[in-house]
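Below you'll find the structure, written out as structure tokens, and then a few comments.
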Amino acid sequence: MPGLVIKPRSRIFHGHDWVYTSEIKKSFGNPQPGEVISLKDFKDKPLGSAIYNPKSQIVARRFSRRKQDLDGDFFLRRLQLAFSLRERLPVDPLLCRLAWSESDGLPGLIVDRYGGHLVIQTLTLAMDQRINLIVDALQELLSPQSIIVRNDSPMRKAEGLETSNFVAFGKDPDPLILEHGSLKFKSTLLTGQKTGLYLDQLDTYQQVATLAEGKRVLDCFSNQGGFGLACARAGAAAVTCIDISGEAISAAKQNGGINELNLHAVEANAFDYLKTCKETFDLIVLDPPSFTRSKKALNDAMRGYKEIHLRALKLLNHDGYLATFSCSHHVTRELFLNNLRSAAVDARRTLRLVESYSQRPDHPILPTIPETEYLKGFCVQLLPGR
Ligand code: SAH
């Protein structure tokens with residue numbers, strides 16, 4: 001098997017599974033793009049099997065510490081292992097991420113389940129080349145009604161792959177009404193902003209909504225209104241959803257309708273809305289998109305968070321709550337809390353921490369691969385009279 005010899009002190013010697021160009025000492029046997037290769041240390045000791053893509057910054061991603069092919073049997077075994085983990089986790093197994101890339105030993109493969117329908121993404125060349133094996137394995141294991149390929153992620157560009165969405169099996173279930181707890185969501189799997197719903201926040205809607213009874217709620221970066229709807233269901237006095245996307249706002253309105261809940265949904269830039277808003281609120285949710293995908297842009301991202309934190313704190317009533325989230329891996333939990341702290345200092349308010357949030361457990365974190373940890377959130381309350 002062709003392969004790569006890895007330089008000493010590379011991240012793979014610290015438990016990571018990725019190899020960057022700068023970490024390669026030499027290659028042997030002429031590895032081909034998308035091929036399974038073997039990794040070796042500088043003393044010729046094997047480190048395992050990896051997928052190879054010289055076009056990507058991450059040239060190799062290890063998926064096994066042994067010699068292993070990427071064949072149909074492998075996908076059956078790995079996917080079965082991923083599914084059985086979800087069955088034991090406190091998540092709805094019919095509405096969850098069934099396989100998540102490195103965290104399930106399937107680098108670049110994502111499988112989401114929306115009831116009887118599966119949405120998959122192949123974000124690495126090797127997974128993309130084996131999409132038929134993956135679709136076959138999913139049919140054998142789960143007998144789904146349909147399998148949708150949602151390959152429009154910008155991450156594919158980094159691997160030199162084209163973007164396209166298509167139905168790999170069955171029929172596109174459009175529109176699909178999904179139920180989670182006491183809420184219904186209208187989703188489009190093949191089109192629409194994301195792969196159906198933001199599965200990683202599904203359970204947090206309910207957690208935040210426990211604070212919403214009788215409150216005036218502002219849900220910023222609402223997408224199709226998950227937080228707002230949950231708050232309305234929990235008996236909020238009024239709910240406003242803000243999103244810059246007209247498509248998201250129209251989905252939020254439709255979701256309000258099918259749930260028979262009152263939402264005021266506004267298409268607006270949340271930065272501008274927070275700046276010019278004349279109303280005050282008892283609970284504000286901030287769940288923006290990742291402000292940075294790179295370490296370089298981290299300072300700009302932190303300025304963005306600071307601005308919305310500061311503005312939100314100013315719009316809160318005297319004992320109001322702020323639930324704020326960051327989905328950028330580069331913004332650590334500590335940095336994010338510091339940002340909130342600094343906004344509180346500038347706003348001259350005292351905050352108490354009510355709750356902290358993480359990604360749903362169907363997106364498992366590997367401690368040796370820090371990139372797998374991305375979503376963090378805090379709920380803070382203004383301390384009245386201070
Ligand atoms: N809370 C949502 C997920 C939010 S994702 C949920 O659980 O479904 C981030 C959302 O922010 C996207 O819907 C995107 O359209 C929106 N967005 C991005 N930039 C924005 C801006 N400047 N103002 C308002 N919304 C924005």
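Net charge dipole, the stretch 205-267: roughly 180 debye, given to the nearest 20, about the Cα centre with Cβ charges of +1 for Lys and Arg and -1 for Asp and Glu.
Near residue 74: Cβ cut-off under 15 Å, other residues only, Lys/Arg at +1 and Asp/Glu at -1. The net charge is +1. Given +1 at the Cβ of Lys and Arg, -1 at the Cβ of Asp and Glu and no other charges, the dipole of the chain around its Cα centre is 1440 debye to the nearest 20. Backbone phi angles across the stretch 176-190, fed through the Karplus curve with coefficients 6.51, -1.76 and 1.60 (θ = phi - 60°), yield HN-Hα couplings of 10, 9, 9, 10, 9, x, 9, 10, 10, 10, 8, 10, 10, 8, 7 Hz in residue order; Gly and Pro are listed as x. P(r) tail, the stretch 158-244: Cα-Cα pairs separated by more than 20 Å, 44% of all pairs.
With only Cα atoms counted, the stretch 1-134 has Rg and Dmax values of 15.6, 49 Å. Listed values for the stretch 83-92 are Karplus-derived 3J(HN,Hα) couplings in whole Hz (6.51 cos²θ - 1.76 cosθ + 1.60, θ = phi - 60°), namely 5, 5, 5, 4, 4, 8, 8, x, 10, 5, and x replaces Gly and Pro. About its Cα centre, the stretch 61-205 has a charge dipole of approximately 340 debye under the convention of +1 per Lys or Arg Cβ and -1 per Asp or Glu Cβ, with nothing else charged. Counting pairs of alpha carbon atoms under 8 Å apart in space and at least six apart in sequence, what relative contact order in percent does the chain give? About 11 percent, as a whole number. Residues 309, 180, 14, ranked from the fewest to the most other C-beta atoms within 10 Å, line up as 14, 180, 309. Considering all C-alpha pairs of the chain, those separated by over 35 Å amount to 31%.
One quarter of the surface of the convex hull around the alpha-carbon atoms of the stretch 67-132 equals 4.5 nm², the direction-averaged projected area. Distances between placed amide hydrogens fall under 5 Å for residue 99 paired with 111, all partners being 5 or more residues away or on another chain.
What is the stretch 189-294 by shape, rounded, prolate or oblate, if you read a ≥ b ≥ c off the alpha carbon gyration tensor as root eigenvalues and call it rounded for a/c under 1.5, prolate for a/b larger than b/c, and oblate otherwise? Since a/c stays below 1.5, the shape of the stretch 189-294 is classed as rounded. Think of the stretch 1-158 as a dipole: +1 on every Lys or Arg Cβ, -1 on every Asp or Glu Cβ, centred on the Cα centre; then among 155, 106, 60, 60 lies furthest on the positive end. With each label modelled as a point 7 angstrom along the Cα→C-beta vector, the residue 348-residue 152 pair spans 4.8 nm.
Readers should treat all values here as calculations from the given coordinates under stated rules, not as data from a laboratory. Please read all numbers here as calculations on a predicted model, not as lab measurements. Positions of Cβ are backbone-derived with ideal geometry, glycine not excepted, and every protein chain shown enters the neighbour counts.
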